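The values are calculated or read from the model by the stated rules, or taken from the named source; none is laboratory data. Since this is a predicted model, take the numbers as computed values, not measurements. For neighbour counting, all protein chains shown are included, and Cβ atoms are generated from backbone atoms with ideal geometry for every residue, glycine included.
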Amino acid sequence: MKIRNTLGLATGALLILLSACATATPYQAQRSGYGYTEPIVEDGTYKVTFRGNANTSRSLVEDYLLLRMSELTLAEGHTHFTVREQGTDCFMTVRTSPTSECTIHKPHTAVFPYYSLEREPRWFWQRGTKNEFEAIAFFVMKDDAASPDETHSYVARDVVDRLSHLKT
(Lines give C-alpha, C1' and ligand atoms only; values in the text may rest on other atoms or scores of the structure.)
Protein backbone atom coordinates (compact mmCIF):
# COMPACT_ATOMS: atom_id res chain seq x y z
CA MET A 1 0.00 0.00 0.00
CA LYS A 2 2.81 2.41 0.92
CA ILE A 3 4.64 1.63 -2.34
CA ARG A 4 1.48 2.18 -4.38
CA ASN A 5 0.94 5.63 -2.77
CA THR A 6 4.56 6.60 -3.39
CA LEU A 7 4.35 5.41 -6.98
CA GLY A 8 1.11 7.36 -7.48
CA LEU A 9 2.66 10.56 -6.11
CA ALA A 10 5.75 10.14 -8.28
CA THR A 11 3.60 9.54 -11.37
CA GLY A 12 1.46 12.61 -10.62
CA ALA A 13 4.53 14.79 -10.12
CA LEU A 14 6.00 13.56 -13.39
CA LEU A 15 2.76 14.30 -15.28
CA ILE A 16 2.65 17.83 -13.87
CA LEU A 17 6.28 18.38 -14.83
CA LEU A 18 5.74 17.09 -18.37
CA SER A 19 2.56 19.11 -18.88
CA ALA A 20 4.39 22.27 -17.82
CA CYS A 21 6.94 21.62 -20.57
CA ALA A 22 4.24 21.36 -23.22
CA THR A 23 2.50 24.68 -22.63
CA ALA A 24 2.89 28.08 -24.23
CA THR A 25 4.86 30.77 -22.45
CA PRO A 26 2.48 32.62 -20.11
CA TYR A 27 2.24 36.41 -20.03
CA GLN A 28 5.03 37.13 -17.56
CA ALA A 29 8.20 39.09 -16.94
CA GLN A 30 11.10 37.29 -18.55
CA ARG A 31 12.10 34.09 -16.75
CA SER A 32 14.57 31.56 -18.15
CA GLY A 33 14.71 33.58 -21.35
CA TYR A 34 10.94 33.66 -22.01
CA GLY A 35 8.44 36.45 -21.37
CA TYR A 36 8.57 40.24 -21.70
CA THR A 37 11.51 42.49 -20.97
CA GLU A 38 11.18 45.72 -19.08
CA PRO A 39 11.29 48.77 -21.29
CA ILE A 40 14.42 50.61 -22.25
CA VAL A 41 13.77 54.33 -22.53
CA GLU A 42 15.76 56.54 -24.86
CA ASP A 43 14.61 60.02 -25.85
CA GLY A 44 10.99 59.18 -25.02
CA THR A 45 11.01 55.98 -27.09
CA TYR A 46 10.45 52.71 -25.26
CA LYS A 47 11.73 49.31 -26.41
CA VAL A 48 9.82 46.21 -25.34
CA THR A 49 10.31 42.57 -26.31
CA PHE A 50 8.43 39.33 -25.72
CA ARG A 51 9.95 35.91 -26.41
CA GLY A 52 7.90 32.73 -26.42
CA ASN A 53 8.94 29.09 -26.22
CA ALA A 54 8.40 26.55 -29.00
CA ASN A 55 4.78 26.05 -27.91
CA THR A 56 3.91 29.75 -28.24
CA SER A 57 2.58 30.84 -31.63
CA ARG A 58 3.89 33.89 -33.42
CA SER A 59 0.48 35.61 -33.17
CA LEU A 60 0.31 35.04 -29.39
CA VAL A 61 3.84 36.45 -28.95
CA GLU A 62 2.81 39.54 -30.93
CA ASP A 63 -0.44 39.92 -28.94
CA TYR A 64 1.50 39.68 -25.65
CA LEU A 65 3.83 42.43 -26.87
CA LEU A 66 0.90 44.68 -27.78
CA LEU A 67 -0.68 44.03 -24.36
CA ARG A 68 2.59 44.90 -22.61
CA MET A 69 2.90 48.20 -24.49
CA SER A 70 -0.69 49.05 -23.52
CA GLU A 71 -0.15 48.24 -19.84
CA LEU A 72 3.03 50.34 -19.71
CA THR A 73 1.24 53.26 -21.37
CA LEU A 74 -1.58 53.18 -18.82
CA ALA A 75 0.87 52.72 -15.91
CA GLU A 76 2.71 55.88 -17.01
CA GLY A 77 -0.57 57.84 -17.06
CA HIS A 78 -0.96 58.08 -20.85
CA THR A 79 -3.92 57.07 -23.00
CA HIS A 80 -2.44 56.33 -26.43
CA PHE A 81 0.75 54.95 -27.93
CA THR A 82 2.27 54.80 -31.39
CA VAL A 83 4.52 52.00 -32.58
CA ARG A 84 7.49 53.47 -34.42
CA GLU A 85 9.14 50.19 -35.42
CA GLN A 86 8.25 46.56 -34.88
CA GLY A 87 9.27 43.12 -36.02
CA THR A 88 9.33 39.46 -35.07
CA ASP A 89 12.48 37.36 -35.07
CA CYS A 90 12.35 33.60 -35.58
CA PHE A 91 14.73 31.13 -33.95
CA MET A 92 14.44 27.74 -35.67
CA THR A 93 16.29 24.82 -34.12
CA VAL A 94 16.82 21.62 -36.10
CA ARG A 95 17.90 18.49 -34.23
CA THR A 96 19.43 15.85 -36.44
CA SER A 97 21.05 13.51 -33.92
CA PRO A 98 21.59 13.13 -30.17
CA THR A 99 24.84 15.12 -30.46
CA SER A 100 24.09 17.94 -32.89
CA GLU A 101 21.67 20.81 -33.17
CA CYS A 102 21.58 23.69 -35.65
CA THR A 103 19.94 27.00 -34.73
CA ILE A 104 18.90 29.38 -37.49
CA HIS A 105 18.14 32.94 -36.35
CA LYS A 106 16.17 35.06 -38.83
CA PRO A 107 16.02 38.62 -37.47
CA HIS A 108 13.20 40.77 -38.81
CA THR A 109 15.77 43.31 -40.02
CA ALA A 110 18.07 40.92 -41.92
CA VAL A 111 17.88 39.60 -45.45
CA PHE A 112 19.70 36.38 -44.60
CA PRO A 113 19.49 34.24 -41.44
CA TYR A 114 22.33 33.49 -39.04
CA TYR A 115 23.38 29.89 -38.40
CA SER A 116 25.02 28.24 -35.43
CA LEU A 117 25.86 24.60 -34.84
CA GLU A 118 26.03 23.12 -31.37
CA ARG A 119 27.48 19.74 -30.58
CA GLU A 120 26.79 18.36 -27.16
CA PRO A 121 25.41 15.04 -25.96
CA ARG A 122 21.76 15.05 -24.96
CA TRP A 123 20.21 12.45 -22.70
CA PHE A 124 16.81 12.98 -24.22
CA TRP A 125 16.45 14.11 -27.77
CA GLN A 126 13.85 14.14 -30.46
CA ARG A 127 14.55 14.57 -34.16
CA GLY A 128 12.69 17.53 -35.58
CA THR A 129 12.32 21.26 -35.79
CA LYS A 130 11.08 23.84 -33.31
CA ASN A 131 10.38 27.53 -33.84
CA GLU A 132 10.58 30.21 -31.18
CA PHE A 133 9.48 33.78 -31.82
CA GLU A 134 10.59 37.06 -30.28
CA ALA A 135 8.60 40.22 -31.02
CA ILE A 136 10.31 43.59 -30.65
CA ALA A 137 8.77 47.06 -30.74
CA PHE A 138 9.83 50.66 -30.28
CA PHE A 139 6.97 52.95 -29.27
CA VAL A 140 6.11 56.34 -27.83
CA MET A 141 3.37 57.15 -25.33
CA LYS A 142 0.88 59.96 -25.97
CA ASP A 143 -2.15 61.62 -24.44
CA ASP A 144 -4.07 62.31 -27.62
CA ALA A 145 -5.43 60.45 -30.61
CA ALA A 146 -3.23 59.66 -33.56
CA SER A 147 -2.72 62.10 -36.35
CA PRO A 148 -3.84 60.91 -39.80
CA ASP A 149 -0.29 59.96 -40.86
CA GLU A 150 0.20 57.60 -37.90
CA THR A 151 -1.03 54.17 -38.94
CA HIS A 152 0.23 52.21 -35.94
CA SER A 153 -1.41 54.15 -33.11
CA TYR A 154 -3.54 52.53 -30.42
CA VAL A 155 -5.83 53.47 -27.56
CA ALA A 156 -4.19 51.67 -24.65
CA ARG A 157 -7.41 50.96 -22.71
CA ASP A 158 -9.04 49.37 -25.80
CA VAL A 159 -6.08 47.03 -26.30
CA VAL A 160 -6.04 45.98 -22.63
CA ASP A 161 -9.80 45.33 -22.72
CA ARG A 162 -9.45 43.27 -25.89
CA LEU A 163 -6.36 41.23 -24.90
CA SER A 164 -6.42 40.96 -21.08
CA HIS A 165 -8.05 37.51 -21.32
CA LEU A 166 -4.69 36.21 -22.60
CA LYS A 167 -3.16 36.68 -19.14
CA THR A 168 -5.03 33.70 -17.67
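Here are the numbers for this structure:
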item: Strands (runs of 3 or more DSSP E) fully within region 51-168 counting 3 or more residues that are at pLDDT 90 or above and of a type in the set (A, V, I, L, M); result: 128-142
item: Pairs, first buried (at least 22 other Cβ atoms within 10 Å of the Cβ) in region 56-68, second in a loop (DSSP other than H, G, I, E, B), C-beta under 6 Å, six or more apart; result: V61/G52; Y64/Y27
